[in-house]
Structure formats: structure tokens, C-alpha cells
1. Would you check if there is a residue in the range 175-190 being within 29 Å of the chain's Cα centre (by Cα), at pLDDT 90 or above and more than 30 Å from residue 88 (Cβ to Cβ)?
2. Looking at (1) surrounded by fewer than 18 Cβ atoms within 10 Å (Cβ to Cβ); (2) in contact with a helix residue (DSSP H, G or I) (Cβ under 8 Å, 6 or more places away or on another chain); (3) at pLDDT below 90; (4) part of a helix (DSSP H, G or I), which one does residue 111 not meet, given that it meets all the others?
3. Of the residues 9, 84, 73, 58, which single one is at pLDDT below 95, surrounded by fewer than 18 Cβ atoms within 10 Å (Cβ to Cβ) and within 28 Å of the chain's Cα centre (by Cα)?
4. Output the residues belonging to the range 207-225 that are within 24 Å of the chain's Cα centre (by Cα), farther than 23 Å from residue 136 by Cα and either free of Cβ contacts under 8 Å to residues at least 40 places away in the same chain or not in a helix (DSSP H, G or I) (or both).
5. So, in the range 122-162, how many residues would count as being surrounded by fewer than 16 Cβ atoms within 10 Å (Cβ to Cβ), more than 20 Å from residue 48 (Cα to Cα) and in contact (Cβ under 8 Å) with a residue 40 or more places away in the chain?
6. Among the numbered conditions (1) at negative phi; (2) surrounded by fewer than 19 Cβ atoms within 10 Å (Cβ to Cβ), tell me where residue 48 comes up short.
7. Quick check, is residue 158 more than 30 Å from residue 92 (Cα to Cα) and modelled with pLDDT of 95 or more?
8. Among the numbered criteria (1) more than 30 Å from residue 96 (Cα to Cα); (2) modelled with pLDDT under 95; (3) in a helix (DSSP H, G or I), which single criterion is violated by residue 169?
């Protein structure tokens, strides 16, 4: 039973390789492009999944520190332990701006709050851009791979008609190679596009969750900074 399954797997792999090697040069090029796009897409998917898991884990640890600390200064003193948290980096940006504002005694209440929020939002934009990095490739793969596969289909059909014209007959042996190229190119295009689209939508949703968390954190940071300023 196991020997039969192994034989079937080897046969399938040999068939796929033979389909690629037996295709025309144009279709071979398109297939290589699609396979390359698929490999890169899967690499991005696994990498981004690790990045999001790490960010979520580190954010939870940093928030535990943030809410347990008595002041922003206490958070700053222990910030080095949470350097991989996006929220900690936003905090560091905001706290640095807050220190700069405190050194400028002439700053009005409204001005320093605006400057602090602008600094925090700038840090947020940077963190979101890191999370969104390479997602555009997934979107591009999802939108273009089917059309590249369709182009391979068109080339395969043209090959079939050319074979019919040269042979002067429309027998199965004449048209089968071109039709096989056409269907194989379509299948590879869909194989590259479907996971890329699904992963893009999932990861983009994760980015939005992180962004909402950053918005909530910035609001809390501003409230705490305002209260500390009033107490001072």
C-alpha cells in the first residue's frame, strides 16, 4: 500500500516536470514566472506570520508594564526589555518628544499636546508601514497570476491551432499537447493566486487590528501625559 502511494507520488512529480519541460518556450517562461511568484508569496506569508505573532506577544508584555507602572518615567526605565514591541517603540518616540517639550518652558498647553500627538502618530505610521511591508507583492500576485496563467492558456491554444494547421487534421494526438499546456498554465496561475489573495486579506486584517491597538494606546498615552502635566 505504502509502496503504491510512493509510486503514485513519484509518477505525479514526474508528470508535472514533464509537463513543464514539454511545453513551448513561451509557456515555460510564464510557468517559471508563476512558480517564482508562488515561492516568494509563500515565503512572505510565513515570514509575516512570524512578525505578527512576535509583535502581538511583545505588545502584551509591554502593556503589562505600561499599566503596572506608576508613571511614564518608570516605563521608560524598563523599555529596553521590550524593544521588539511596536507599542514600545511608539512610546519611546512619544516620551522623547515629551522630554523635549518639557525642556521648552514657553510651550503652551495646546501646542505641546499637538506636538506630542503628531510625534506619536508619526511613530504609528512608521510601525504600520513595517507591518504592511511586502503585502503589496501578495496583492500583485493575487491579481496578476490568473492573467499570466490565462496568457499561457492563450499561447497553448495557439500552439494547438498551429499543430492542426501543420498536420492538416484535428486528431487528439495533434491538439492534446497544446491543450495540456493551456490547462496546466491556468492551473499554475490559480495555484499561485488563491493562497496569495487569502493570505493578503488575512494579514491586512491583522494590520488593522494592530493599528486599532496603536490608536487606543496613543489615546491613553496622551491622557496620562496630560494628567502628569497638570499635576506638575
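The values are calculated or read from the model by the stated rules, or taken from the named source; none is laboratory data. This one's a predicted model, so the numbers in the text were calculated from it and none came from an experiment. Please note: Cβ atoms are built from the backbone with ideal geometry, for glycine as well, and neighbour counts cover all protein chains shown.
1. Yes; the residues of the range 175-190 include at least one that is within 29 Å of the chain's Cα centre (by Cα), at pLDDT 90 or above and more than 30 Å from residue 88 (Cβ to Cβ).
2. Among (1) surrounded by fewer than 18 Cβ atoms within 10 Å (Cβ to Cβ); (2) in contact with a helix residue (DSSP H, G or I) (Cβ under 8 Å, 6 or more places away or on another chain); (3) at pLDDT below 90; (4) part of a helix (DSSP H, G or I), residue 111 violates only (2).
3. Checking each option against the conditions leaves just 84.
4. 216
5. Going through the range 122-162 one residue at a time, the tally reaches 1.
6. (2)
7. On the way: more than 30 Å from residue 92 (Cα to Cα): yes; modelled with pLDDT of 95 or more: no.
So residue 158 does not fit the description; no.
8. Checking residue 169 against (1) more than 30 Å from residue 96 (Cα to Cα); (2) modelled with pLDDT under 95; (3) in a helix (DSSP H, G or I), the one that fails is (3).
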